[in-house]
Amino acid sequence: MAKPPMQFYDLSGVEKAAMLLLCLGERATSMVFKELSDAEVRAISRCMVSMEHVPAPLAREVIGAYEKAQVEYAGIFVKGDEFVKNAISESGDPKRIEQLMEQVAAATEKRPLETIALMQPRVVASLLASEHPQTMALILSTQKPDHTSRILSYLPDDVKSDVMYRIAKIEQVSPDVIKHIEDALQREIGVVSDKEQQELGGIDTVVDILARMEKGADRNILTRIDEVDPEMAEAIRKKMFTFDDLVMLDNPSLQKILREVDNDTLTLALKAATPEVKEKIFSNISIRAAEMIEEELEAMGPVRLSEVESMQQTIVKIALRLEEEGTLIIPGRGGDDVLV
């Protein structure tokens, strides 16, 4: 079975950096490497070695992201920690210098939960494998959803569903609990902890994580949660309707949605749509309208995925609003009732 092509949104920061430098060439790469730490050079170099081919569309997206970053982060870049330490060392009294340097060093140490965010998902999964599911839930709820979804992919199915259920139940976590977790992690990864009240978890977090998991994994997890807490599973499902799910709608329901979508929004939303979604939508608009959209899509140049996703989300929001108003039913979202 052929390996699916790499997608820009699946790449890690290190992978994007490696691709960018491969595109820029050896001379530019050597100049960049001079400004990086040994650990950063090793990480990027390992990615480069494993890359045999960078598809042209992917290269354009990586370079485009770099150009955008140049505009957004224009200014002076400095090594702040070195600047501060050098400035303190020239400030006079040796005893005061020593105290200030210790305080600065303590403040700049990475917290365990921040370190987890920088670790490979497989390594994190191995690190957490022996932890209680509640501890795993608390730790993973502090991470970005895409990182959490990758970590979960290395855990057994029953553990995934248990952890996700517990994340959904989390609301607030006290500083003492965070400290306890970080103290335990400190012994594992050798970094210092810090206290901070955090709001973690909840259904929105679970939905965000599930949306980033492989297709099919979300259904397995929800099925297991459904066995434990049907109301929780239903609450999660109600927030999981996506643009691809438009194919589940009956034609009258889809037509109600499309009547509220302007042509430009629909065209851009279909730029990255699956053939099934395109076919479903084209069969519910006029032949002329479908032909015009197909012509515009063929003439359309490269478009940022974020713009396409934004237009798709606009249409999803219309569907959800119409469902709330009771004008249509979305299958799988408590939609077994019949409208009368």
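The values are calculated or read from the model by the stated rules, or taken from the named source; none is laboratory data. All values derive from a computational prediction rather than experimental measurement. Cβ atoms come from the backbone with ideal geometry, glycine included; neighbour counts cover every protein chain shown.
A Cβ distance below 6 Å, combined with a sequence gap of six or more or placement on separate chains, defines the contacts here; from the stretch 138-160, residues that are not assigned by TED's automatic domain parsing to the domain that holds Glu182 reach no residue that is modelled with pLDDT of 85 or more and crowded, with 17+ Cβ neighbours inside 10 Å. Within the set Ile281, Ile285, the sole residue that is in contact with a helix residue (DSSP H, G or I) (Cβ under 9 Å, 6 or more places away or on another chain), of a type outside the set (Asp, Glu) and outside any helix (DSSP H, G or I) turns out to be Ile285. For the stretch 282-301, the criterion of being touching a Lys or Arg at 6+ places or on another chain (Cβ under 6 Å) and over 30 Å from Glu171 (Cα atoms) is met by no residue. Pairs are defined by a Cβ separation below 6 Å, a sequence spacing of at least 6 or placement on different chains, a first member in the stretch 117-137 that is polar (S, T, N, Q), and a second member that is assigned to a helix (DSSP H, G or I); the pairs so defined are Gln134/Arg166.
Conditions (1) touching a helix residue (DSSP H, G or I) at 6+ places or on another chain (Cβ under 9 Å); (2) buried (at least 16 other Cβ atoms within 10 Å of the Cβ); (3) of a type in the set (D, E, K, R), marked per residue:
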residue	(1), (2), (3)
Asn263	yes, no, no
Met300	yes, no, no
Arg304	yes, no, yes
Val316	yes, yes, no
Gly326	no, no, no
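Considering Leu21, Leu100, the condition of being touching a helix residue (DSSP H, G or I) at 6+ places or on another chain (Cβ under 6 Å) and modelled with pLDDT under 70 is satisfied by Leu100 alone.
One line per residue, one yes/no per condition, for (1) at pLDDT 85 or above; (2) part of a helix (DSSP H, G or I); (3) among the hydroxyl-bearing types (Ser, Thr, Tyr):
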| site | (1), (2), (3) |
| --- | --- |
| Glu196 | no, no, no |
| Asp208 | no, yes, no |
| Met213 | no, no, no |
| Asp218 | no, yes, no |
| Glu234 | no, yes, no |
| Val247 | yes, yes, no |
| Ile257 | yes, yes, no |
| Thr265 | yes, yes, yes |
